[in-house]
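Input: a single structure, listed below in structure tokens.
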Amino acid sequence: MMTHAVPPPRLPVRDRAAAPDPAGGGGVSPMLTRLAAERATGVLEREHGTLHLADGHVVHAESPFAPGLADLLLAHGTLTPDAWRQAVERADEERGAGRLLVEAGLVARGALEICHLGALYDAGYFALAPSSTPGRFHYGTGHLLGAVRPVTVAELERETLRRRALLHRLWPQPLVDTAPLLRTAPPGAPGPATAPAARQRAVLALVDGVRTAPDIARALGRRAFPTLTDVRRLAAAGLVAAKPPPAAPDPPPGIALPPVTDPDITLLKRLRDALEAL
């Protein structure tokens, strides 16, 4: 009797053609979705920022790439540094710093909510950026700021994807969001149709090869996202560019890197693709 060998099952390989568009899809956290479903409270730490959850809602977000709520409130004299410090020191689980500021008449409730939402969505945009490291969640209590204006995970993800798509349409190179910025010399002086607007001129004046877009936002007392849109428009007009990263050092003379001759490299690549497809 003839027997037929059964071929081994194919390893799952991610369909590159079906990969999410870099401007509008992917990059949101499945862990965050799961935490929202279980109504978790605690802190989700990701590579580019942290998200604070209470009962599955996002109540606060922080990122080194985005001005925080304190930066926005202190920038134009809305609040004094001493008043902010006292509110944070007196805050507890029942009465957050935001509530204390409103009760003391130092900040109007509406103004606090607007600044809080702006800072939350700005930091969330960076915190939910595609990451090379897994996120970590720490169960615990809420943020000392208190639940000023909680947002759902779905709302945060939707706004993050909307921002990605808009910024991608303006200029498809996200490196200008976080890298030091350089002025560039366009072929000719910009004409009336391409001359930067007043907001963009203020940004351009601070481009010095050292500051990043978030640095400029803090210096101007502005939110991160409007500054990113200004920077991407300036990049599209040929007026700014991301500073190239430093070149990798050459290996010491006399040391040659061995060629890769591992016969199992193809299998390792297939296993990598299979893990990424899970």
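Each label point was placed 7 Å from the Cα along the Cα-to-Cβ direction; for LYS243 and LEU182 their separation is 1.0 nm. Each eigenvalue of the Cα gyration tensor of segment 74-211, multiplied by 5 and square-rooted, gives one semi-axis; in descending order these are 35, 22, 14 Å.
Using mean Cβ contacts within 10 Å as the protection proxy, how do 63-70, 39-46 order, highest first? Can you show the working numbers first?
Working: 63-70: 21.9, 39-46: 17.5.
Descending packing order for the listed peptides: 63-70, 39-46.
Would you mind checking segment 112-143 for residues with the amide N under 20 Å from a putative spin-label position 7 Å along Cα→C-beta of ARG39? Counting backbone N atoms under 20 Å from the label point, the list is 138-143. Put simply, when 48-55, 71-78, 120-127 are sorted by average Cβ atoms within 10 angstrom per residue, most first, you get 120-127, 48-55, 71-78. Solvent exposure of segment 101-173 amounts to 49 Å² per residue of accessible area, where only protein heavy atoms count and the probe is 1.4 Å.
Given R₀ = 30 Å, FRET efficiency for ARG199-GLU113 by Cβ-Cβ distance, to 0.05? List each step's numbers first, then the result.
Working: r = 24 Å, r/R0 = 0.79.
Here the calculated transfer efficiency is 0.80.
The length gained on full extension between TYR139 and ASP55, counted as 0.36 nm times the residue separation minus their Cα-Cα distance, comes to 29.1 nm.
Direction-averaged projected area, Cα convex hull, segment 63-134: 5.8 nm², rounded to one decimal. Taken along the Cα-to-beta-carbon direction at a fixed 7 Å, the label points for ARG211 and ASP92 span 4.3 nm.
The values are calculated or read from the model by the stated rules, or taken from the named source; none is laboratory data. Predicted model only: the values in this text are computed from it and were never measured. Virtual Cβ from ideal backbone geometry, glycine too; neighbours counted across all protein chains shown. Heavy atoms of the whole protein, side chains included, go into the accessibility calculation; ligands, DNA and RNA do not. Shrake-Rupley method; radii C 1.70, N 1.55, O 1.52, S 1.80 Å.
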